[in-house]
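What follows is a single structure, written as structure tokens, with notes after it.
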Amino acid sequence: MRLKLLPGVVALNVVLVSASAFAQNLVTNGSFETGYWTGWTTGDNFQDTEVVSGYFSYYSPEDGTYYAVLGPVGSPGTLSQTFSDEPGAQYTFSFYLAAAGDHPSAFSAMWDGNTVLSLTDPSTYNREWQLYSFTEIGTGTDSISFSFQDDPGYMALDNIVVSSNGSGTGTIPEPSSFILLGSGLLALGGIAHRKSRV
């Protein structure tokens with residue numbers, strides 16, 4: 001018995017694959033799932049800072065199995081990564097942070113060296129993960145970096161993403177547009193199928 005696929009179903013499958021491609025994360029190892037700092041450049045005071053799995057110091061992973069715990073004492077450590085993107089296009093830079101409000105502690109995030117977030121003694125509700133998200137413009141080659149220090153304890157970082165939001169000089173359709181297009185194609189395929197049976 002041969003399986004017949006409606007034209008709209010085939011089109012929808014192609015559309016959904018295309019939509020997921022546009023949501024690609026430009027950050028290598030953004031959730032630290034290699035279990036190490038693969039893809040990242042580490043710097044400055046990196047003592048008491050590591051990639052861990054499971055439950056550690058009040059925290060558990062926000063995404064996957066691993067996450068980073070950050071605990072340099074006396075001076076900050078840094079974590080950075082450079083990637084290629086489309087000049088003039090808009091990107092969403094996001095990550096999850098969990099922190100206990102230790103004093104003294106500090107955390108900052110940068111895009112191309114420009115600070116987008118600066119926190120002193122950061123605290124997230126009940127030490128739970130909090131999402132931070134920023135819209136940035138690509139230049140062709142961009143970088144993200146983090147600076148952190150936590151003298152009494154640790155804070156945690158996970159699920160770091162830089163993805164196109166479909167806006168800019170080379171406008172890329174948003175995934176939602178693809179899904180609407182696919183739904184329309186699916187409906188047309190169904191109509192064509194019904195007509196062929198009449």
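The values are calculated or read from the model by the stated rules, or taken from the named source; none is laboratory data. Computed from a predicted structure; not experimentally measured. Because the Cβ atoms are built from the backbone with ideal geometry, glycine has one as well, and the counts that use them run over all protein chains shown. For accessibility, only protein heavy atoms count, side chains too; no ligands or nucleic acids. Shrake-Rupley method; radii C 1.70, N 1.55, O 1.52, S 1.80 Å.
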Output for the stretch 151-162, where each listed residue is open to solvent by 20 Å² or more (accessible area, probe 1.4 Å) and farther than 16 Å from residue 39 by Cβ
151, 152, 154
Scan of the stretch 60-90 for residues that are among the hydrophobic types (A, V, I, L, M, F, W, C), more than 18 Å from residue 40 (Cα to Cα) and surrounded by fewer than 19 Cβ atoms within 10 Å (Cβ to Cβ), ordered by number:
73
If I ask for residues that are among the aliphatic types (A, V, I, L, M) and either open to solvent by 60 Å² or more (accessible area, probe 1.4 Å) or within 16 Å of the chain's Cα centre (by Cα) (or both), which ones from the stretch 118-150 would you list?
131, 137, 144
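Look at residue 109 and say whether it is among the aliphatic types (A, V, I, L, M), more than 14 Å from the chain's Cα centre (by Cα) and at pLDDT 95 or above.
So residue 109 fails the test.
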What is the number of the single condition among (1) out of contact with any strand residue (DSSP E or B) (no Cβ under 6 Å at 6 or more places or on another chain); (2) within 16 Å of residue 155 (Cα to Cα) that residue 66 does not meet?
(1)
